[in-house]
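Participant: To start, I am sharing the structure in question, which I have written as structure tokens.
The values are calculated or read from the model by the stated rules, or taken from the named source; none is laboratory data. Model, not experiment: these values are computed from the prediction. With ideal geometry, Cβ positions are generated from the backbone for all residues, glycine too; neighbour counts draw on all protein chains shown. These area figures cover heavy atoms from the full protein model, side chains too; ligands, DNA and RNA do not enter into them. Shrake-Rupley method; radii C 1.70, N 1.55, O 1.52, S 1.80 Å.
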Amino acid sequence: MTTAAQPVFGTDTLRRGIEADTPEMLKSLYADDAELRVVDHVSGPSHPKVLHGRDEIAAMLDDVYSRDMTHALEACVMQGDHAAYCESCRYPDGVRVLSESMLTLRDGKITGQVLIQAWDE
């Protein structure tokens, strides 16, 4: 029995995951024990929203990708076991969201992410 290889983090894989219509590839890039900290106007730097594990992160991504919006990877920089990227999103009514993320990687999977986001009000 053969199994498909799991995607490994890289700029092209990240772009395909972010810009896809569903979050499935993006979810596969997270390690089981990944942690995501979100900072925005709701959850400030002193009290970020913290998601623990791939299941909690996957639930957030399912919610985000259920919305009628487009996602684009603007830039990604990788160095060793770290990466940083900028993502822009747009709703049909023109409202925009911009996020910046710093990642920690292990064995081709995301183990840590700090995401800072802002959106039009």
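Participant: Among (1) touching a helix residue (DSSP H, G or I) at 6+ places or on another chain (Cβ under 7 Å); (2) open to solvent by 30 Å² or more (accessible area, probe 1.4 Å); (3) in a strand (DSSP E or B), which single condition is M102 missing?
Facilitator: Against the list (1) touching a helix residue (DSSP H, G or I) at 6+ places or on another chain (Cβ under 7 Å); (2) open to solvent by 30 Å² or more (accessible area, probe 1.4 Å); (3) in a strand (DSSP E or B), M102 comes up short only on (1).
Participant: Confirm whether R96 is under 14 Å from W119 (Cα atoms), of a type in the set (K, R) and at pLDDT 95 or above.
Facilitator: Working: under 14 Å from W119 (Cα atoms): yes; of a type in the set (K, R): yes; at pLDDT 95 or above: yes.
Yes; evaluated as a whole, the condition is true for this residue.
Participant: Could you check segment 92-102 and list, in sequence order, the residues that are without any contact (Cβ under 8 Å) to a residue 24 or more places away in the chain and more than 14 Å from E121 (Cα to Cα)?
Facilitator: Passing the criteria: S99, E100, S101, M102.
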